[in-house]
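Derivation of every value follows stated rules applied to the coordinates shown; laboratory data play no part. None of these values were measured; they are calculated from a predicted model. As a convention, Cβ positions derive from the backbone with ideal geometry for all residues, glycine included, and neighbour counts pool all protein chains shown.
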Amino acid sequence: MANLLAVAELRAGAPRKVAFEVVTAARAAADASGGGEVHAIVLGGAGAASVAAQLGRYGADLVLVVEHPALERGNAEVFSATVAARLRTGGYRAAVFPASAQGRDLAPRVAAALDVALASDVTGFELRDDALIARHPAYIGKAIATLRLAGTPALVSLRPGAVAPLERPRAGTVELLEPGLDPAKARVVVTAVTVRAAARLDLGEAPVVVSGGRGLKAAENFKLVEDLAAAFGNAAVGATRAVTDDGWRPSADQIGQTGRTVSPSLYVAVGISGAIQHLAGMRTARVIVAINRDKDAPIFKVADYGIVGDLFEIVPRLTEEVRKARAEH
Amino acid sequence: MKIGVCIRRVPDTEMRFAIAPDGQSLDQTGLKFDISDFDGYALEVALRLNEKHGPGEVVVLSVGADSTQEIIRKALSIGADRGIHLAAPQVPFDGLSIAHALAAELREAGFDLILFGRMATDTGNATVGPMTAELLGLPCVTAVTALELAVTDGTGTGTATRELEGATESLSFPLPAVLTIDEGIARPRLPSLKGIMAAKKKPVESRPAALGPVRLTIDRLELPAERAAGRIVGEGAEAVPELIRLLREEAKVL
């Protein structure tokens, strides 16, 4: 029997998908240990408690909520102090953070404050009597490390998309919690959060990712990639480092070693040769499609399905066919 | 300003990797090593800040075996003023152990700003920076993509931008602070011949690293399973209908 704490992330007042993922993973670990409790912890502005209750659907017995008007935009110092305080006294075997920008910021602070082990960006973990064992892609995914975390509580941050949210309803009883640090005493203050166009799916959450590379030849030709993404209806648009370095696309769209890591159901690589830098960010996609004029391009070695030829002819046709296929559903 | 930049020696990830006989580490044969990518951006940010805000000092720090001195020298040839090598025959995988060694060195040293790369490209942990900040009790902003400082008479404040998934966050913080730097903030300069010559005369101190306890270890290191060989569906736009059929009936993703 092990109790776990799941650190859930809100954005603009609503739980992000990673919040359901960490609760799902904590639930599975608690059940595997013979049925411990899962407590989720969230921090947000007014109304946080009312949205946090839905974490019970994914297996949280208790939802701990820090609700404070000054925390609308989040605050890492307050959040990490609150999580650390809870872990210090709550008798938890482990805590699961999302390996999102926020989770990767929080987890190391908490680990250092408590002087406990943290494994970052894990794709799975299990509790054993003497240790927590976690899997972590190292060397930009070119090696997989099996990690051993000694001591209690053991902390992990879970790679977004590594665990699919699964509904296993529990009580989800909401309990309000005082912040572990007075928000007025925080030294670092979030002054603004600018959310990009709400209609756009985030790269890490989209079931389909369509990415473009240098093969598109010019920034304006990214319209082809955007049209294909629009035809899928559930796709986000990514790019290679070469393309973001050249300013064709914003750097936030970069997929690869130095950008985002994505694991969508379907990844469509358009005019991408498949440099190691790029493969590091997308090789864990379930299905990979590549369109490239060079039949020897490395991308075809990882692609499940490839079409060799001129993307300027292939992509518009593919867009049309995808649109038709979608319409039939 | 006195700026510390913590850098790490990592293998070039473009190379073919093999696992060492111990099953827990990389076979080092033939690997090339360099400053971790993101740490290069951190160094560039430090150099630009001092170019902009007047005279100061950029100190590079690195934990590692004697080979670590190579990357300290490289950072000096790029423009850092001096180096501190915290000697450890083996660098532990546990970021908190490393953070203890850095915090011990940085605690009383009077740095205005301490910079790290967002993440080491070998471990992929992204933990040492924020852990060091926590141990030092300093404000911390991670994965900074834009930075502005206002410094007068040794006190200062900063504003930083960081990327969340699908959003951009703006933050304000007081100095001294710890920041981890994302790529793209400033293109790193290369060492010049003059810089390489000058680096030879710059001081590098070496002392044993006061590493903290290690609680995170590698049990096993493996190469990932290769993806099953894919297939070329065809050539040109004529292959599209067959691709659609495969995506629907075989892969079931459409």
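What the table below lists for this structure:
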| item | result |
| --- | --- |
| Built amide H within the under 5 Å cut-off of A:Ala6, gap 5+ | A:His39, A:Ala40, A:Ile41, A:Val96 |
| Region A:1-107, relative contact order [Cα under 8 Å, separation at least 6], % | 34 percent |
| Per-residue HN-Hα couplings for region B:170-186 [Karplus 6.51, -1.76, 1.60; θ = phi - 60°; Hz; x = Gly/Pro] | 10, 9, 10, 8, x, 8, x, 8, 10, 10, 10, 9, 8, 6, x, 5, 6 |
| For the protein assembly as shown, the Rg and Dmax computed from alpha carbons only, in angstrom | 23.8, 72 |
| Most mobile of B:Thr180, B:Thr217, B:Thr157 in a GNM of chain B (Cα contacts under 10 Å) | B:Thr217 |
| A:Ala230 paired with A:Arg88, simple spin-label distance in nm, labels 7 Å along Cα-to-beta-carbon | 5.4 nm |
| Computed [θ] at 222 nm, helices only, for chain B once each DSSP H run of length n ≥ 4 contributes -39500 (n - 2.57) | -7000 deg cm²/dmol |
| Label point 7 Å beyond Cα of B:Arg48 along Cβ direction - residues of region A:103-120 with amide nitrogen under 12 Å | none |
| Theoretical gain in end-to-end length, B:Ala198 to B:Glu242 [0.36 nm per residue, Cα-Cα removed] | 9.6 nm |
| Amide H within-cut-off set for B:Phe33, under 5 Å, with H built and near neighbours excluded | B:Asp12 |
| Calculated FRET efficiency for the pair B:Glu235/B:Glu57, C-beta based, R₀ 56 Å, to 0.05 | 0.40 |
| Modelled FRET efficiency - R0 22 Å, B:Asp66 with B:Lys32, Cβ distances, 0.05 increments | 0.80 |
| Percentage relative contact order, chain A, counting C-alpha pairs under 8 Å, at least six apart | 14 percent |
| Normalised contact order of chain B, rounded percent, pairs of Cα under 8 Å and 6 or more residues apart | 24 percent |
| A:Thr152-A:Ala219 FRET efficiency (beta carbon distance; Förster radius 35 Å; 0.05 resolution) | 0.10 |
| Helical segments meeting 18 Å axial Cα length and Kyte-Doolittle 0.5 threshold in chain A (DSSP H) | A:17-32, A:76-89 |
| Amide H within-cut-off set for B:Lys2, under 5 Å, with H built and near neighbours excluded | B:Glu57, B:Asp112, B:Leu113 |
| Separation of the B:Ala104 and B:Ser206 label points, Cα + 7 Å toward Cβ, nm | 1.8 nm |
| Region A:208-327: C-alpha gyration tensor shape, a/c 1.5 cut-off, then a/b vs b/c | rounded |
| D (Stokes-Einstein, µm²/s), Kirkwood Cα radius, chain A, 0.692 mPa s at 37 °C | 157 µm²/s |
| Karplus-derived HN-Hα couplings along region B:16-24 (A = 6.51, B = -1.76, C = 1.60, θ = phi - 60°), whole Hz, x at Gly and Pro | 6, 9, 9, 8, 5, x, 6, x, 10 |
| Measure of compaction for region A:96-158 (Cα Rg per 2.2 N^0.38 Å) | 1.05 |
| Shielding by partners - mean other protein chain Cβ count within 10 Å, residues of B:184-191 | 1 |
| Helix runs (DSSP H) in chain B reaching 15 Å along axis by Cα, Kyte-Doolittle at least 0.5 | B:95-106 |
| Cα centroid of region A:39-80 to Cα centroid of region B:13-75, whole Å | 39 Å |
| Over 19 Å between alpha carbons, listed pairs A:Lys324/B:Lys252; A:Lys17/B:Lys252; B:Lys74/B:Lys194 | A:Lys17/B:Lys252 |
| Additional length obtainable on full extension of the chain from A:Lys295 to A:Ala32, 0.36 nm per residue less Cα span | 90.0 nm |
| Flagged links, alpha-carbon separation over 22 Å, of A:Lys142/A:Lys217; A:Lys295/B:Lys32; B:Lys2/B:Lys201 | A:Lys142/A:Lys217; A:Lys295/B:Lys32 |
| Euclidean distance of C-alpha centroids, region B:188-220 and region A:155-210, integer Å | 36 Å |
| Value of D in µm² per second that Stokes-Einstein yields for region A:4-185, Kirkwood Rh from Cα pairs, at 4 °C (1.567 mPa s) | 82 µm²/s |
| Shape box of region B:1-155 [Cα atoms, principal axes, largest first, Å] | 56, 30, 27 |
